[in-house]
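K.L.:
To start, I am sharing the structure in question, which I have written as structure tokens.
The values are calculated or read from the model by the stated rules, or taken from the named source; none is laboratory data. This structure is a prediction, so every number in the text was calculated from the model and none was measured. Neighbour counts run over all protein chains shown; Cβ positions are idealised from the backbone, glycine included.
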């Protein structure tokens, strides 16, 4: 996965930012059915154009893969709750997720408050 990682440290906060060109990650389209939840699969199937569907799938597989690494669990086991706009947040630990900002760019900002 080609990505750029920027780590910014503040007094009591860590921010990790990942950016990935989703058009260069077509290898993630092969086993997405085993990783995405039903909501994500249904949303992917609702896209009219394959390009949009593929961008959605790749960004969600990347999101689950990265979160799985941070949480030391299988990406498939990550549970979200969705707001009224369909944006996910983690159920446990509760975290707001910020991603993507454009169809071809996956952007993920992970923010922790360190105690």
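K.L.:
Identify all residues within the stretch 70-85 that are touching a residue at least 12 places away in the same chain (Cβ under 8 Å) and within 19 Å of residue 33 (Cα to Cα); write none if there are none.
P.N.:
Those that are touching a residue at least 12 places away in the same chain (Cβ under 8 Å) and within 19 Å of residue 33 (Cα to Cα): 75, 76, 78, 79, 80.
Residue by residue, here is whether (1) modelled with pLDDT of 75 or more; (2) in a helix (DSSP H, G or I) holds:
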site: 61; (1), (2): yes, yes
site: 76; (1), (2): yes, yes
site: 81; (1), (2): yes, no
site: 85; (1), (2): yes, no
site: 93; (1), (2): no, no
site: 100; (1), (2): no, no
site: 108; (1), (2): no, no
